[in-house]
Amino acid sequence: MPITMDLRQAIVHKVHGKSEADLTDMIIGSVDGPEAALPGLGVILEIVWKHMSPNQQQDFVHLAHEEIDKIKPVPLT
């Protein structure tokens, strides 16, 4: 019988038990990597976000906002 799991469960299964060095390598390999890696980063962000204090969340949002504002979007065609 095939095993069925959702995307979140699959990502958690893939990274569970990895060392900090392994997680660092995975994140570095995903940033600016293939778009297929983006859901994994999203799941990791979701996990971390849920365990951040409100102040840490606000700091993250502030940093993300600053960095996103530095990017000039490519025009949609």
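The values are calculated or read from the model by the stated rules, or taken from the named source; none is laboratory data. Keep in mind it's a predicted model, so treat the numbers as computed, not measured. Reconstructed Cβ throughout: ideal geometry from the backbone, glycine too, with neighbour counts over all protein chains shown. Heavy atoms of the whole protein, side chains included, go into the accessibility calculation; ligands, DNA and RNA do not. Shrake-Rupley method; radii C 1.70, N 1.55, O 1.52, S 1.80 Å.
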Item to check | Accessible area of the chain belonging to carbon and sulfur atoms, whole % at 1.4 Å probe | outcome: 63 percent
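For the chain, state which trypsin sites (Lys or Arg not before Pro) are in a DSSP loop and have at most 15 other beta carbons lying within 10 Å of their beta carbon. Please report the intermediate quantities before stating the final value.
Values: sites: Arg8, Lys14, Lys18, Lys50, Lys70; in loops: Lys18, Lys70.
The qualifying sites are Lys18, Lys70.
Is the shape of the range 14-77 best called rounded, prolate or oblate, per the rule: a/c under 1.5 gives rounded, else a/b larger than b/c gives prolate, else oblate, with a ≥ b ≥ c the square roots of the Cα gyration tensor eigenvalues?
oblate
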Next on the checklist: Using the basic label-point model (7 angstrom from Cα toward the beta carbon), what is the His65 to Ala10 distance in nanometres?
Outcome noted: 3.5 nm
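What full-extension length gain, to one decimal in nm, is calculated for Val48 and Ile28 as 0.36 nm per residue of separation minus the Cα-Cα distance? The partial results should precede the final answer.
Details: separation 20, 0.36 × 20 = 7.20 nm, distance 1.67 nm.
Taking Val48 through Ile28 to full extension adds about 5.5 nm, to one decimal.
Counting heavy atoms of the protein chains only and a 1.4 Å probe, report the per residue accessible area for the chain as a whole number of Å². Let's see the in-between values first.
On the way: 6910 Å² over 77 residues.
With all protein chains present, the chain gives 90 Å² per residue.
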Checklist outcome for this item: Magnitude of the Cβ-charge dipole (Lys and Arg +1, Asp and Glu -1) of the range 1-63 about the Cα centre, nearest 20 debye, reported as 220 debye
